[in-house]
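**Q** I am attaching a structure below and will ask some questions about it afterwards.
The values are calculated or read from the model by the stated rules, or taken from the named source; none is laboratory data. All figures in this text were calculated on a predicted structure; none of them were measured in a lab. Note that each Cβ is placed from the backbone with ideal geometry, even for glycine, and that neighbours are counted across all protein chains shown.
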Amino acid sequence: MSARKSAILTTIFFAASATQLAPEFAARAQSADQRQVYLVRLDQSDCTNSNVPNKDSPDVDGLVTVTRGSDGNTTVKIAMTASSNTTYHFYLKCVRQLGDITTGDEGVGTASFTFPTNSASATYAFDMYPEGAPTGNKFQSATVSF
């Protein structure tokens, strides 16, 4: 094999590896007061979503960014793609509803909610689903752990 072909194959290998690893590293690049976790299409899990992996997959339909503020509140920002023109109830799982997210014609929805930091333990999760919680249209976040 020529040196040129070898260099091209090496470049392609490293580019493919970086592309595959970038979402996982991005999800793990977190500060002391911020976490990013994936929102995964999954019908059910336990209160901390212990079986929901925080890695990119075909079932990932969104990203949740959680920031603990110095004022005693935690802010949650959600960006997701799901069913079009649908209102999803968003929950601090096993605690309470935080609010609603409504998607547009293309299924894209964003929202931001705030809750008292002391209303959750150091490990928690979120879930989201429309009225009636239809199978196949429920979402679980990966576990948030501070």
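**Q** Looking at the range 113-146, which of its residues are surrounded by 14 or more Cβ atoms within 10 Å (Cβ to Cβ), in contact (Cβ under 8 Å) with a residue 60 or more places away in the chain and β-branched (Val, Ile, Thr)?
**A** Matches in the range 113-146: Thr143, Val144.
**Q** For the list (1) modelled with pLDDT under 95; (2) charged (D, E, K, R); (3) surrounded by 13 or more Cβ atoms within 10 Å (Cβ to Cβ), I need the number of the one condition that Lys5 fails.
**A** So the condition that Lys5 fails would be (3).
**Q** For the range 111-132, which positions are touching a Lys or Arg at 6+ places or on another chain (Cβ under 6 Å) and either outside the structural domain of Val64 (by TED's automatic domain parsing) or of a type in the set (Ser, Thr, Tyr) (or both)? Spell out how you get there, then give the answer.
**A** Taking the range 111-132 as the starting set, the residues that turn out to be touching a Lys or Arg at 6+ places or on another chain (Cβ under 6 Å) are 112, 117, 125-127, 129.
Within the range 111-132, Ser112, Thr117, Tyr129 qualify.
Let's see how each residue does on (1) aliphatic (A, V, I, L, M); (2) assigned by TED's automatic domain parsing to the domain that holds Asn137; (3) crowded, with 17+ Cβ neighbours inside 10 Å:
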{"site": "Asn51", "(1), (2), (3)": "no, yes, no"}
{"site": "Lys55", "(1), (2), (3)": "no, yes, no"}
{"site": "Leu63", "(1), (2), (3)": "yes, yes, yes"}
{"site": "Asp71", "(1), (2), (3)": "no, yes, no"}
{"site": "Ser84", "(1), (2), (3)": "no, yes, no"}
{"site": "Thr87", "(1), (2), (3)": "no, yes, no"}
{"site": "Leu92", "(1), (2), (3)": "yes, yes, yes"}
{"site": "Ile101", "(1), (2), (3)": "yes, yes, yes"}
{"site": "Gly109", "(1), (2), (3)": "no, yes, yes"}
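**Q** Ala79: buried (at least 17 other Cβ atoms within 10 Å of the Cβ), at pLDDT 95 or above and touching a strand residue (DSSP E or B) at 6+ places or on another chain (Cβ under 8 Å), yes or no?
**A** Values: buried (at least 17 other Cβ atoms within 10 Å of the Cβ): no; at pLDDT 95 or above: yes; touching a strand residue (DSSP E or B) at 6+ places or on another chain (Cβ under 8 Å): yes.
For Ala79, the condition - buried (at least 17 other Cβ atoms within 10 Å of the Cβ), at pLDDT 95 or above and touching a strand residue (DSSP E or B) at 6+ places or on another chain (Cβ under 8 Å) - is not met.
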